[in-house]
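Input: a single structure, listed below in structure tokens.
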Amino acid sequence: MRREGSFLLRRSSARINPDASPDRALATARGRPVPLFVVLAGLMVLLLGVPVLMLLWRGLTSDPFHFLRDPTVQSALRLSAWTSTVATAVALVLGMPLAYLLARNRFRGRTLLEVLVDLPIVLPPSVAGIALLAAFGRRSLLGAALAPLGVSLPFTTAAVVLAQVFVAAPLFIRAARIGFNTVESQLEEAAYTEGASQWQLFRHVMFPLTGRALFAGLVLCWARALGEFGATILFAGNLPGRTQTMPLAIFIGFQQDLGVALALASILLVISGLVLAVLRKIESEARLY
Amino acid sequence: MAILAALSACLPSAQAPGEPSTLTVFAAASLTDVFERIGETFEEAHPETEVVFNFAASSALRTQMEEGAAADVAAFASEKDMQALAESGLVDGDAVRVFAGNDLVVVVHPDSAAVAGTLADLAHPGVKVVIAAEGVPAGDYARQVLENLSSTLGASFGSEVLANVVSEEDNVRQVLAKVQLGEADAGWVYRSDAWSAPELRVLEIPEEANVRARYPIAILSGAPQPDAAIQFVELVLSADGQRVIEKGGFLPAPP
């Protein structure tokens, strides 16, 4: 099928321009988009772009810098920045070893484990919040065991971080696993012939080679943690300075002061846009290697 | 524009002849139980109309309607939010009717040892208290009651209870849920919310310190289903509707 298609394409382009070499003809044919696709793609772009632009416009005209001086807004920004960073650090320390094991070792239940790790990516965050309450809530088995030690997770900043790790770490683990998988096996074999241990293989071959994939995964994880809302409001509650992150402040702002919500939302939009731009840059540089 | 029109044509609000029409009611979260019951009664009497509810904090509903959400009927837990709707011309201020009253109580999880049995316990260090956020009617009423109580329970009572607040929830039903789950020891809710959760202990607030919430109802000026909206409001104000509301733990409409 595939060969037939390219044959047809080559023949038809040859008819259009008999002097062109087949490669150039292919490139010209590629450069000409299907008109219907341009129309449909344009509508899709409008659907994605108009809300973003309108939010930015309304956010920026509502004087976001005035709201930046609001102590509630400042504490939400600070709390969001550092909880997302801690959550990303946890994802790195605990997630990278898991990704490495999943990528390189064959063991019973590996597929099941992969599904489990990917599950939070597709789970609605509200489900994640209820699951976290079931696991760490005051009336749960774990919560009851922790209570005599004076530890209670719900409504604490630790609960915010835990919710962020739960929903965001799987994105990093997935990126890291794919990164470790793409290292060519010849490099591994070369390392073994040199007498490298498993740890040396990781330290001197796998880790440097997957650095960009790991970093891209971390950026994505941080951005997802920054945007986490549903699990946080259910599991950690909403208290300015302790558990009220930016997305929660936006949600609560919606019923108190729409201006605060718009200003915070446009700030979050700009940050997320910058993060994605950085991510694109890392990825395009990685492709050059 | 064309695609938006095409999109909205696909949505359930589009009406084909003979299909049931949809009446959209935006109602305060505290009305969840009683309005669902009234909605069932309404659908039995008007099988051609389906009633769809949007329950949330009155303040959130007000923002949604100011931002253009299409609704037929608005029923709030505070007159402040209804006045705002009237000022922006979304409802006719003269046609607003008060249909129910409510006051506040404190609900306590039955296993909570931290709150033994009096309101004063709420100020003890380490008690986990949840309250609705500021701006949400139940949150504003609770803060008002705390201020009122300071004259009898000590000037610092209000600030001590607020220092024990572990979460400011986005609506009163979330406050109730956090106490029902046992994650919090106590929560500030309406009497009608406590009524719907009989497993919780109730701490009464002295009448002189309590507030009396007034619930206004109105038909939106741009209601897509004005006739059904009138019928729904009539049902809420009728003897049948009032009986359901009182059975749900609400107080009669204050004069």
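Could you say whether any residue in region A:100-107 is touching a helix residue (DSSP H, G or I) at 6+ places or on another chain (Cβ under 6 Å) and within 13 Å of chain B (Cβ to nearest Cβ)? Looking through region A:100-107, none of the residues is touching a helix residue (DSSP H, G or I) at 6+ places or on another chain (Cβ under 6 Å) and within 13 Å of chain B (Cβ to nearest Cβ). For region B:50-69, which residues satisfy the criterion of being more than 14 Å from chain A (Cβ to nearest Cβ) and touching a Pro at 6+ places or on another chain (Cβ under 6 Å)? Listed by number, the list holds a single entry, B:Glu50. Can you spot a residue in region B:198-211 that is touching a His at 6+ places or on another chain (Cβ under 8 Å) and in a strand (DSSP E or B)? Yes, region B:198-211 has at least one match.
Quick check on my filter: what residues within region A:115-126 are loosely packed, with under 15 Cβ neighbours inside 10 Å and either touching a Leu at 6+ places or on another chain (Cβ under 8 Å) or part of a helix (DSSP H, G or I) (or both)? Break it down stepwise before answering.
From region A:115-126, those loosely packed, with under 15 Cβ neighbours inside 10 Å are A:115-116, A:119, A:121-122, A:124, A:126; that's our starting set.
Hits for region A:115-126 are A:Val115, A:Leu116, A:Leu119, A:Ile121, A:Val122, A:Ser126.
Considering (1) within 30 Å of B:Thr63 (Cα to Cα); (2) surrounded by fewer than 18 Cβ atoms within 10 Å (Cβ to Cβ), the lone condition that A:Leu248 does not fulfil carries the number (2). Evaluate region A:151-160: report whether one residue or more is crowded, with 18+ Cβ neighbours inside 10 Å, under 25 Å from the mean Cα position of the chain (by Cα), under 26 Å from A:Ala89 (Cα atoms) and more than 14 Å from chain B (Cβ to nearest Cβ). Looking for residues that are crowded, with 18+ Cβ neighbours inside 10 Å, under 25 Å from the mean Cα position of the chain (by Cα), under 26 Å from A:Ala89 (Cα atoms) and more than 14 Å from chain B (Cβ to nearest Cβ), one finds none in region A:151-160, hence no. The condition of being at pLDDT 95 or above, small (Gly, Ala, Ser) and within 16 Å of A:Cys221 (Cβ to Cβ) holds for A:Ala91.
Determine, yes or no, whether A:Arg212 is of a type outside the set (Gly, Ala, Ser), crowded, with 23+ Cβ neighbours inside 10 Å and more than 14 Å from chain B (Cβ to nearest Cβ). Considered against the rule, which asks whether it is of a type outside the set (Gly, Ala, Ser), crowded, with 23+ Cβ neighbours inside 10 Å and more than 14 Å from chain B (Cβ to nearest Cβ), A:Arg212 comes out as no.
When only residues in region A:163-196 that are part of a loop (DSSP other than H, G, I, E, B) and not acidic (Asp, Glu) count, which is nearest to A:Glu114 (Cα to Cα)? Explain how you work it out, then say what you get.
Taking region A:163-196 as the starting set, the residues that turn out to be part of a loop (DSSP other than H, G, I, E, B) are A:182-184, A:194-196.
Now restrict to residues that are not acidic (Asp, Glu): A:182-183, A:195-196.
Numbers: A:Thr182: 17, A:Val183: 19, A:Gly195: 31, A:Ala196: 28 Å.
Result: A:Thr182.
If we scan region A:260-276, do we find a residue that is away from chain B (no Cβ under 14 Å), under 24 Å from A:Leu94 (Cβ atoms), out of contact with any Gly (no Cβ under 8 Å at 6 or more places or on another chain) and not in a helix (DSSP H, G or I)? No; the residues of region A:260-276 include none that is away from chain B (no Cβ under 14 Å), under 24 Å from A:Leu94 (Cβ atoms), out of contact with any Gly (no Cβ under 8 Å at 6 or more places or on another chain) and not in a helix (DSSP H, G or I).
Scan the helices (runs of 4 or more DSSP H) fully inside region B:60-172 and keep the ones with 1 or more residues being within 19 Å of B:Val189 (Cα to Cα), more than 21 Å from the chain's Cα centre (by Cα) and not assigned by TED's automatic domain parsing to the domain that holds B:Glu234.
By residue number, B:137-153, B:157-163.
With the structure loaded, tell me whether A:Leu239 is within 14 Å of another protein chain (Cβ to nearest Cβ) and either crowded, with 17+ Cβ neighbours inside 10 Å or of a type in the set (Lys, Arg) (or both) or whether it fails that test. Taking the combined requirement at face value, the residue satisfies it.
For B:Ser192, state whether it is assigned to a helix (DSSP H, G or I) and among the hydroxyl-bearing types (Ser, Thr, Tyr). Answer is yes for this residue.
Checking the condition within 13 Å of chain A (Cβ to nearest Cβ) and surrounded by fewer than 24 Cβ atoms within 10 Å (Cβ to Cβ), which residue from B:Ala155, B:Ala163 passes?
Only one candidate passes the filter, namely B:Ala163.
The values are calculated or read from the model by the stated rules, or taken from the named source; none is laboratory data. These numbers come from a predicted model, not from an experiment. Cβ coordinates were reconstructed from backbone atoms using ideal geometry, including for glycine residues, and neighbour counts include every protein chain displayed.
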